[in-house]
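One structure is given here, and the rest of the page talks about it.
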Amino acid sequence: GVRIFFGCWTSDARKAVLKVMETRGGLLYYPVQFEGAEKSPAAIYSGLTANQQLFPALRYLSNDGPPKIFLVGSDYLYPRATNQLCRRYVSNHGGSIVGERYKSRGSSDFREIVEEIGRSGCNVVLNTINGDSQRPFFEQYKQAGLKAPVMSLSLSETQALQLGPLTDGHYSCAGYFMSLHSPQNSRFCAAFQKRYGSARVLDDASETAYSQVRAFAQALLRCGRVEPAALRQATRALILDTPGGLIRYDPKNLYCWRTIRIGRFRQGRARVVWSSE
């Protein structure tokens, strides 16, 4: 009898779940960055799309001139679709793609790709590797002595803390970093650590998952019933003050408007070096 769901991580998981939701009248709140270009009647999209994550990252990387980019990712929908958009962006705004490689999820041997990155002459690596493969990639990248910064779109602060100094000097683009200074974020972090441990960290997907549950609650107050169609209508143009700042659900496609940040890692923690308006 459950109609409302919160979750999924990868795009292929989301699409598989939505096939069931659409036929059975369910509603999925999705909290993770994704490739966009989708409008399901069974989804409310809280995660970042390419114009909110990939394009700001590429603009930031272009500050010192047209970037020479090597694309490395896990072999599934989100990295491939994102890198297609990256190629289109670079062709319109300057820069070049000097390499593009993928490995299956769960891979641990990136030595051949790292060697190719070293030979490519790139001055930045765009990373869409997912999951546990992050550690071997960053380990082998550091062992090779490569200096080009890595801009990650799928590396969370939770993962980065586990990697420690392996991510030093590298970047991530997200809507939320734990280091944000605001009363809302201070309360959020304090409550989380009180419940789950003072050593635990929060990341973009954590904050988005939390905020979209609040968005559901606010929509429920507006419409008064747990019906997917009514909740979708009540979410249109909904504005919330969250730990990451003000968010607004687009009235047309129920994607989420958010402030975007770029963080630079040191010892696994991110310091915000750029923020959108």
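The values are calculated or read from the model by the stated rules, or taken from the named source; none is laboratory data. Owing to the predicted nature of the structure, the values given are computational and were not obtained by experimental measurement. Because the Cβ atoms are built from the backbone with ideal geometry, glycine has one as well, and the counts that use them run over all protein chains shown. For accessibility, only protein heavy atoms count, side chains too; no ligands or nucleic acids. Shrake-Rupley method; radii C 1.70, N 1.55, O 1.52, S 1.80 Å.
At-a-glance table
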| item | result |
| --- | --- |
| Residue match in region 137-157 (condition: under 18 Å from D75 (Cβ atoms), of a type in the set (S, T, N, Q), part of a helix (DSSP H, G or I) and open to solvent by less than 10 Å² (accessible area, probe 1.4 Å)) | no |
| Single residue of region 158-168 satisfying the filter (in contact (Cβ under 8 Å) with a residue 60 or more places away in the chain and open to solvent by 20 Å² or more (accessible area, probe 1.4 Å)) that is nearest to L202 (Cα to Cα) | L161 |
| Residue match in region 107-121 (condition: free of Cβ contacts under 8 Å to residues at least 40 places away in the same chain, hydroxyl-bearing (S, T, Y) and over 23 Å from P56 (Cα atoms)) | yes |
| Conditions (1) over 30 Å from P251 (Cβ atoms); (2) open to solvent by less than 60 Å² (accessible area, probe 1.4 Å); (3) not in a loop (DSSP other than H, G, I, E, B); number of the one not met by D132 | (2) |
| Residues located in region 11-46, provided they are in a loop (DSSP other than H, G, I, E, B), open to solvent by 40 Å² or more (accessible area, probe 1.4 Å) and not hydrophobic (A, V, I, L, M, F, W, C) | K39, P41 |
| Which numbered condition A50 misses (of (1) free of Cβ contacts under 8 Å to residues at least 60 places away in the same chain; (2) farther than 16 Å from Y176 by Cα) | (2) |
| Unique match (being touching a strand residue (DSSP E or B) at 6+ places or on another chain (Cβ under 9 Å), more than 26 Å from L153 (Cα to Cα), outside any helix (DSSP H, G or I) and without any contact (Cβ under 8 Å) to a residue 60 or more places away in the chain) among A237, A219 | A237 |
| Residue tally, condition touching a Leu at 6+ places or on another chain (Cβ under 7 Å) and either at pLDDT 95 or above or loosely packed, with under 14 Cβ neighbours inside 10 Å (or both), over region 192-215 | 4 |
| Single residue of R225, R214 found to be over 30 Å from K147 (Cα atoms) and part of a helix (DSSP H, G or I) | R214 |
| One residue from L85, L58 being open to solvent by 20 Å² or more (accessible area, probe 1.4 Å) and either in contact with a Ser or Thr (Cβ under 8 Å, 6 or more places away or on another chain) or within 19 Å of S154 (Cβ to Cβ) (or both) | L85 |
